[in-house]
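Novice: Let me begin by handing over the structure; questions about it come next.
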Amino acid sequence: MDSDFAAALAGLAGSAFLSATLLPGGSEAVLVALVRHWPERVALAIGVASAANTLGGLTSFALGRFLPQPRTSGRALALMRRYGVAALLFSWLPVIGDALCVASGWLRHGWLPAGLAIGLGKLARYVAVAGAVLAWWPRAA
């Protein structure tokens, strides 16, 4: 693996992790750049982005375990109570996704089911982004 690609993967991992927390990140844009530059390594890029983004989501989940229970029921908490861990399949959504992970931690859902749901949602999003780039954005000659 060349050093440019390794550095790009490290940047993708950092961006994906931060994007899954309450901090801003731009992991989709970083993934697009990697797929455009190294289309033959798309699977590795998707794997790194998905793993780092899932770890970021689990970090928000863990924070929910340590924060005091909310006094009011917000939208994310209501969704988690209604749909359970399955709602975490949408943890990739901007703004509400972070809140879903925290709410799941507040509700003391299990780590494994939560991690699997978070990971599946994040993976599906990155596969869709990379697939769209490969399908609709022609590679420069």
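The values are calculated or read from the model by the stated rules, or taken from the named source; none is laboratory data. Values in this document were obtained by computation on a predicted structure and should not be read as measured data. Heads up, the Cβs are rebuilt from the backbone with ideal geometry, glycines too, and the neighbour counts pull from every protein chain shown.
Novice: May I ask you to verify whether L18 is at pLDDT below 90, in a helix (DSSP H, G or I) and in contact with a helix residue (DSSP H, G or I) (Cβ under 9 Å, 6 or more places away or on another chain)?
Specialist: Yes: the conditions hold for L18.
Novice: Still on this structure, please answer the following. Which residues, taken from segment 1-45, are β-branched (V, I, T) and surrounded by fewer than 21 Cβ atoms within 10 Å (Cβ to Cβ)?
Specialist: Selection gives T21, V32, V42.
Novice: Which pairs have Cβ atoms under 8 Å, sit 6 or more apart or on different chains, and link a residue in segment 49-67 that is under 16 Å from A8 (Cα atoms) to one that is assigned to a helix (DSSP H, G or I) and β-branched (V, I, T)?
Specialist: Note: pairs meeting the criteria are A49/V30.
Here's the yes/no breakdown for (1) touching a Pro at 6+ places or on another chain (Cβ under 8 Å); (2) not small (G, A, S):
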residue: G84; (1), (2): no, no
residue: W92; (1), (2): no, yes
residue: I96; (1), (2): no, yes
residue: L100; (1), (2): no, yes
residue: H109; (1), (2): no, yes
residue: L116; (1), (2): no, yes
residue: G121; (1), (2): no, no
residue: V129; (1), (2): no, yes
residue: L134; (1), (2): yes, yes
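Novice: How do the pairs read when you match residues in segment 73-88 that are over 12 Å from P113 (Cβ atoms) with residues anywhere that are among the acidic types (D, E) and not in a loop (DSSP other than H, G, I, E, B), using Cβ under 9 Å and keeping only pairs 6 or more apart or on different chains?
Specialist: Listed pairs, sorted by first residue: A76/D98.
Novice: Taking the condition at pLDDT below 90, among the β-branched types (V, I, T) and farther than 10 Å from W106 by Cβ, does T72 pass?
Specialist: It is true that T72 is at pLDDT below 90, among the β-branched types (V, I, T) and farther than 10 Å from W106 by Cβ.
Novice: Looking at segment 99-110, I want the residues that are without any contact (Cβ under 8 Å) to a residue 60 or more places away in the chain and have a partner that is surrounded by fewer than 24 Cβ atoms within 10 Å (Cβ to Cβ) and of a type in the set (V, I, T) with Cβ atoms under 9 Å, at least 6 apart or on another chain. Which pairs are those?
Specialist: Within 9 Å, the pairs are S104/V85; H109/V85; G110/V85.
Novice: Just one of the numbered conditions (1) in a helix (DSSP H, G or I); (2) β-branched (V, I, T); (3) in contact with an Asp or Glu (Cβ under 9 Å, 6 or more places away or on another chain) is not true of V30; which one?
Specialist: Here V30 meets the rest and fails (3).
Novice: Sort through I118, I96 and tell me the only one that's closer than 18 Å to L18 by Cα, touching a Cys at 6+ places or on another chain (Cβ under 7 Å) and either at pLDDT below 90 or of a type in the set (V, I, T) (or both).
Specialist: Just one listed residue meets the conditions, I118.
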